[in-house]
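Take a look at the structure set out below.
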C-alpha cells in the first residue's frame with residue numbers, strides 16, 4: 001500500500017505535486033527576509049539550505065535561525081537541509097560533524113530533515129531512526145551534478161533509502177541529453193510502483209526542466225521552485241511553476 005506523509009496542512013504523496021521553495025541567505029537577516037518573501041508566495045513547503053549560512057557550523061546560531069524561520073512560516077512546513085559539497089552544496093563537512101549538526105537541528109523541531117544517504121557512515125549509523133524518534137520526517141537524498149547514473153543504479157539508490165527507513169526518497173541528476181531525462185522519468189515511474197514511500201525526483205539544468213513541471217505525471221510528489229535566487233540549476237519561479245503544474249493536473253483529471 002502506498003504511504004503518504006502528512007505534515008501540518010499538506011499531504012505529500014497525494015494529489016497535485018507540492019512545491020518547495022529554498023532559502024539560501026548567508027546571514028540571519030538575509031535568511032529571514034527571504035523566508036518572509038517566500039512565505040508570501042504560499043509555497044507548500046520551505047527548505048532552509050543551511051550550508052549557505054555563514055555560521056552554519058555554529059549549532060546555537062543554526063538553532064536560533066530555525067526557531068525564527070518557523071515563527072515566520074506559520075503553517076508552512078520547514079525542511080532543514082545541509083547540502084554537502086560532495087553533492088553540490090556550499091560547504092565541506094566531515095561525517096561526524098554532519099550527523100551532530102542534524103541532531104542539533106532536530107532539537108528545534110523542523111518538520112523534515114534532509115539526510116544524504118551516501119554520506120560516509122550515515123547510512124548504517126542509526127541517524128535516520130534517531131531523528132525520527134524526535135518526530136522529524138526524513139527525506140533521504142542523493143544528488144548527481146555531473147551526470148545521470150544508469151536506471152539500475154538509480155533504482156538501487158532509491159532501494160537503499162527505502163531500507164534505511166526514510167519517509168521520503170529524493171533523487172536528483174544532471175542530464176546531458178534528452179535520453180538522460182527519459183531515464184530519470186522512467187526510474188520515477190518504476191520507483192513510484194516499487195516503493196511505498198513518496199518519491200521526489202528531478203533532472204536539473206535546462207535539459208531537465210520538463211521533470212520539474214511534469215514529474216508528477218510519473219510519480220514525483222514534490223517539485224522545487226524558486227523565489228529569487230535558485231538553489232539548483234533549472235528551478236522555475238514559483239508563480240509560473242504553480243500555474244503550469246495546476247493546468248497540467250487539471251487537464252489530466254479530465255481524462
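Read-outs: derived from the displayed coordinates by stated rules, not from any lab. No experiment lies behind these values; they were computed from the predicted model shown. Glycine gets a Cβ as well: all are built from the backbone with ideal geometry, and neighbour counts include every protein chain shown.
Working ranking of peptides 54-61, 184-191 by packing, defined as the average number of other Cβ atoms within 10 Å per residue, highest first, is 184-191, 54-61. For the chain, relative contact order (Cα pairs under 8 Å, six or more residues apart, normalised by length) works out to 20 percent.
I want the antiparallel fraction of DSSP beta bridges within the chain, as a percent rounded to 5.
Within the chain, antiparallel bridges account for around 10 percent of the total.
Report summary: the helix-based calculation at 222 nm, which adds -39500 (n - 2.57) for every DSSP H run with n ≥ 4 and divides by the residues of the chain, gives -12000 deg cm²/dmol. Taking label points 7 Å from Cα along the Cα-to-Cβ direction, residue 40 and residue 103 give a separation of 4.0 nm. The slack in the chain from residue 160 to residue 92, taken as 0.36 nm per residue of separation less the alpha-carbon distance, amounts to 22.1 nm.
What FRET efficiency comes out for residue 240 versus residue 189 if R0 is 30 angstrom and r is the Cβ-Cβ distance? Round to the nearest 0.05. Working shown, then result.
Numbers: r = 25 Å, r/R0 = 0.83.
Efficiency, rounded to the nearest 0.05: 0.75.
Sort 149-155, 206-212 by the packing proxy (mean of other Cβ within 10 Å over each peptide's residues), most packed first. Spell out each step's value before the answer.
Details: 149-155: 15.0, 206-212: 19.6.
Final packing ranking: 206-212, 149-155.
Judged by the mean number of other Cβ atoms found within 10 Å, the most tightly packed of the peptides 193-203, 9-19 leads the ranking 193-203, 9-19.
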